[in-house]
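Below you'll find the structure, written out as structure tokens, and then a few comments.
The values are calculated or read from the model by the stated rules, or taken from the named source; none is laboratory data. Every value quoted in this text rests on a predicted model; they were computed, and no experiment measured them. With ideal geometry, Cβ positions are generated from the backbone for all residues, glycine too; neighbour counts draw on all protein chains shown.
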Amino acid sequence: MKKIIILGILVQIFVLGAQGQETTSNELLTLDEAIDKTIANNKDLKIQRNLVEISYNNVFRGNSGQAPTISFAADGKFSQNQANIDIRTFQENPALVTIDAEGVQSTTLAAGVRADYLLIGGFRGKYTYKLLENEQSISRYQQEAVLNGLILGVSDLYYDIAKLQSREELVIENVEISRDQLRRIENQIEFGQATGGLALSAQTDINQELNALDDVRLLKNNLVKELNFLMGIDPETDYLVSVNFQDPPLLETSELKAMVLDENPQLKISDALISVSNNQLKLSESAKYPQLNAFADYGYYRQQNDAQQLAKLETLGYTAGLSLNFLIFDGSRVNRGIKNAKIAIENSETQASLVADELVKEAVKEQSQLLILKSKLVRQENDLATFTDNFTRTQDRFERGLASSLDLREALRSLLNAKIGINDAKLDILKSVAKIRNLTGEILKQFSE
């Protein structure tokens, strides 16, 4: 029965971090602390929080047309013109009365309050509101996806730094052993038991190890700066990292798949997009139904004109009524929109299924890799005792003149590679565990805001 490992192997290492200013070189930074700093300071996450807040602010009845609107309007006009007016009298004599005046003034004032409310709209307001709720959910799930990705990114960098810093310690230890060997060779030269060429070869080996140490430190320091960037702190910050491996519990493969399908934030987004497509279909169908709108206004109107027969008009009162709108023909625009909305639903469902298949595939692949890493670690731990014993024996034979410096160097290199391989395998296991927890959304339960 296939199983997966959720945590790592029991061991603890402390390794030196990058050079910097924000913390002292003796301060420890745990993985949880690094993630907490990222949650607090990361700018991408801050942007996503603001988008979530915007989506929450958009969800209210007035934004979906389900609340009445009340507006106030006022208008005032004044004009002064030359007027030439011919008025029919409908008499034979005179047939027209002519008014010709200079500086004719006209004043118009109007003010009023109007209220509108959609009584029947084919459920347009209802489904518009549901779409606003969908946008809110999608924004929240997108925030979870960003957080999930950041936690995985921080974890990967943290474990890679620990891997390199552990390697740095092992190389430093190797350099000290090589220097001790060089001192012994120099002592042998004094007593005529070794040649200068042997000392030169030993010094060359030390120089190669120091070059390798510089390469490790350079790569480590670059990764530290990347991690500091994600945490939103000074790139030159200095700290120690502490990695704790624990014997992991196991999950059935079926349980792993169920967790991915239930908790992964990308799948939650896909499900929300299906809901969006369904509500878009309902919104398109609402255009087929009549709309009944109620309105009322209360206002004041005044008009005064020097040239007109009606010298002054002034009103104050209200008007109320209903307006009905029913679409009879629009050239199949609504029907085509409904048809396309149904196709969009099918696409959303297919996309959700594709995302689910991809995520499950990644989880199963990661599980297989994790099991291989665990088997590899067991073999490497079994081989370590052999490499250690071989180095001890070769060192003893070298001191008694029974082994060459090349033999000793090869034994030391094999022991170093064995130790590096074990540490790398353990940290690769933790990276694989972090990837699985990312796919299942499990890490969000620990660090959800």
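A few remarks follow.
- Of all the residues in the range 213-235, those that are in contact with a helix residue (DSSP H, G or I) (Cβ under 8 Å, 6 or more places away or on another chain) and basic (Lys, Arg) number 2.
- Within this structure, residue 326 passes the test of being exposed (fewer than 14 other Cβ atoms within 10 Å of the Cβ) and either under 22 Å from residue 276 (Cα atoms) or in contact (Cβ under 8 Å) with a residue 24 or more places away in the chain (or both).
- When residues of the range 315-352 are limited to those that are part of a helix (DSSP H, G or I) and small (Gly, Ala, Ser), the one farthest from residue 284 (Cα to Cα): 352
- The range 40-57 residues that are of a type in the set (Val, Ile, Thr), paired with ones that are assigned to a helix (DSSP H, G or I) and surrounded by 13 or more Cβ atoms within 10 Å (Cβ to Cβ) (beta carbon under 9 Å, 6 or more apart): 47/146; 52/136; 52/139; 52/140; 52/142; 52/143; 54/139
- Verdict on residue 293 being closer than 28 Å to residue 337 by Cβ and not in a helix (DSSP H, G or I): yes
- Scope the range 49-63; condition of a type outside the set (Val, Ile, Thr) and assigned to a helix (DSSP H, G or I); matching residues: 49, 50, 51, 53, 55, 56, 57, 61, 62, 63
- The set of residues from the range 64-79 being under 30 Å from residue 133 (Cβ atoms), touching a Ser or Thr at 6+ places or on another chain (Cβ under 8 Å) and not in a loop (DSSP other than H, G, I, E, B) comprises just one member, 64.
- Complete set of residues in the range 151-172 that are of a type in the set (Phe, Trp, Tyr) and farther than 16 Å from residue 436 by Cα: 158
- Of residues in the range 166-175 being of a type outside the set (Lys, Arg) and either touching a helix residue (DSSP H, G or I) at 6+ places or on another chain (Cβ under 6 Å) or modelled with pLDDT of 95 or more (or both), the one nearest to residue 443 (Cα to Cα): 166
- Taking residues in the range 359-377 that are within 17 Å of residue 434 (Cβ to Cβ) and in contact (Cβ under 8 Å) with a residue 24 or more places away in the chain, and partners anywhere that are surrounded by 17 or more Cβ atoms within 10 Å (Cβ to Cβ) and of a type in the set (Asp, Glu), the pairs with Cβ atoms closer than 7 Å and at least 6 places apart or on different chains are 373/428.
- Of everything in the range 58-111 that is hydrophobic (A, V, I, L, M, F, W, C), farther than 30 Å from residue 125 by Cα and without any contact (Cβ under 8 Å) to a residue 40 or more places away in the chain, the residue that is surrounded by the fewest Cβ atoms within 10 Å (Cβ to Cβ) is 90.
- Residue check, residue 138 at pLDDT 85 or above, surrounded by 15 or more Cβ atoms within 10 Å (Cβ to Cβ) and farther than 30 Å from residue 298 by Cβ: yes
- Residues in the range 407-447 that are over 20 Å from residue 386 (Cβ atoms) and more than 28 Å from the chain's Cα centre (by Cα): none.
- Taken together, the criteria exclude residue 343 from residues that are modelled with pLDDT under 90, among the β-branched types (Val, Ile, Thr) and more than 30 Å from residue 256 (Cα to Cα).
- Qualifying residue in the range 263-273 (condition: in contact with a Lys or Arg (Cβ under 6 Å, 6 or more places away or on another chain), on the phi < 0 side of the Ramachandran plot and assigned to a helix (DSSP H, G or I)): no
- Filter pass, residue 412 being in a helix (DSSP H, G or I) and either basic (Lys, Arg) or buried (at least 18 other Cβ atoms within 10 Å of the Cβ) (or both): yes
- Single unsatisfied condition, residue 176 versus (1) assigned to a helix (DSSP H, G or I); (2) in contact (Cβ under 8 Å) with a residue 12 or more places away in the chain: (2)
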